[in-house]
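Nothing in this text is a laboratory measurement; each read-out follows from the coordinates by a stated rule. In this text, all values refer to a predicted model and were calculated from it rather than measured experimentally. Positions of Cβ are backbone-derived with ideal geometry, glycine not excepted, and every protein chain shown enters the neighbour counts.
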Amino acid sequence: MSDCVYIGFNRRVACLDRRTGEQVWSWKAPKGSGYVSLLLDGDTLFAVVNGYVYALDPAHGRELWSNAMPGFGFGVACIATDRAHTDFSLLAQSLVAQQQAAASASASS
């Protein structure tokens, strides 16, 4: 699994080979749509899609279990365990900094 990169978008999750970029497996959430939050915690890859939580086997993309999370609503999920977490505010700050650096570099050329 250390040779994999996991991506999620439009209710899909894919595992890519870190060195080649080739797709190893893909999975599509049976319900929900749009944005996918991902968290890899040990031997489980968690995907949250439009109010649904799915636990996936990160080696093969097999769905282990799901929970509809009734009453929780929708939105961008922040997910955490005692070993890992997602912090979208830090991710957003990093993306903005990268975009600003790219814009500055292209303006000076």
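Structure above, values below:
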item	result
Where labels lie 7 Å past Cα in the beta-carbon direction, separation of Phe72 and Arg18 in nm	2.8 nm
Segment Asp57-Thr44, extension gain: residue separation times 0.36 nm, minus the distance between their alpha carbons	4.1 nm
Derived scalar couplings ³J(HN,Hα) [region 8-24; Karplus, 6.51 cos²θ - 1.76 cosθ + 1.60; whole Hz; x for Gly, Pro]	x, 6, 6, 6, 10, 10, 9, 10, 10, 5, 4, 7, 9, x, 5, 6, 8
Separation of the Ile7 and Ser106 label points, Cα + 7 Å toward Cβ, nm	1.9 nm
